[in-house]
Amino acid sequence: MNRSDPQKPSNWKAYKKGMCEGCWAGCCTLPLEVSAYDLIRLGVITEDEAAVSLKKVAKKLSKEGVIQSYRANSGLFIIEQRGGRDCIFLDEKTRQCTVYEKRPEVCRTFPKIGPRPGFCPVGKGPK
Ligand code: SF4
């Protein structure tokens, strides 16, 4: 597998079954936008907290290092990245999702929906 740059969707490869085997999980280095429902499913907030105020939720999760920002106009939260690259839920060594059963909706639909639908930043990752 070649190295790939997730920031350049024009270089991505068309998704094929089995492609994730041995991949470095470049898709888990893309900015991850999640909803309040995703955060509840992940278990980082409660339904009650979400019902009271999403701004308060954003403040709490930002302090805890779970999100990097909140977009009040869309109600979406951006999950924090380790070292400015990996999703914080990605295991650095195994390159596997540590919250797979509870992963956000956008992770479930990728690459059907994403920066380049049907294509992946597959490969061994940057040096
Ligand atoms: S939640 Fe899991 S599947 Fe989604 S980007 Fe993070 S590590 Fe990848």
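The values are calculated or read from the model by the stated rules, or taken from the named source; none is laboratory data. Only a predicted model underlies this, so the values are computations on that prediction, with no experimental measurement involved. Note: ideal-geometry Cβ built from the backbone for every residue, glycine included; neighbour counts use all protein chains shown.
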Enumeration of residues in the range 97-117 that are more than 17 Å from I40 (Cα to Cα) and exposed (fewer than 12 other Cβ atoms within 10 Å of the Cβ): T109, K112, I113
Which ones in the range 73-122 are modelled with pLDDT of 95 or more and among the aliphatic types (A, V, I, L, M)? L76, I78, I79, I88, L90, V99, V106
Go through the range 31-42 residue by residue and tally those that are surrounded by fewer than 19 Cβ atoms within 10 Å (Cβ to Cβ) and either within 17 Å of I113 (Cβ to Cβ) or not aliphatic (A, V, I, L, M) (or both). 5
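Could you list, in sequence order, all residues of the range 27-48 that are among the β-branched types (V, I, T) and within 10 Å of the ligand (Cβ to nearest atom)?
Taking the range 27-48 first, the residues among the β-branched types (V, I, T) are 29, 34, 40, 44-46.
Answer for the range 27-48, where residues must be among the β-branched types (V, I, T) and within 10 Å of the ligand (Cβ to nearest atom): T29, V34.
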Go through (1) away from the ligand (no atom under 16 Å from the Cβ); (2) of a type in the set (D, E, K, R); (3) within 13 Å of the chain's Cα centre (by Cα) for R82 and report which single condition fails. (1)
Can you say whether I45 is surrounded by 17 or more Cβ atoms within 10 Å (Cβ to Cβ) and assigned to a loop (DSSP other than H, G, I, E, B), as far as the supplied structure shows? yes
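Could you list all residues from the range 95-113 that are in a loop (DSSP other than H, G, I, E, B) and within 11 Å of the ligand (Cβ to nearest atom)? Break it down stepwise before answering.
Start the filter on the range 95-113 by keeping residues that are in a loop (DSSP other than H, G, I, E, B), which leaves 95-96, 98-99, 103-104, 110-113.
Selection gives R95, Q96, T98, V99, R103, P104, F110.
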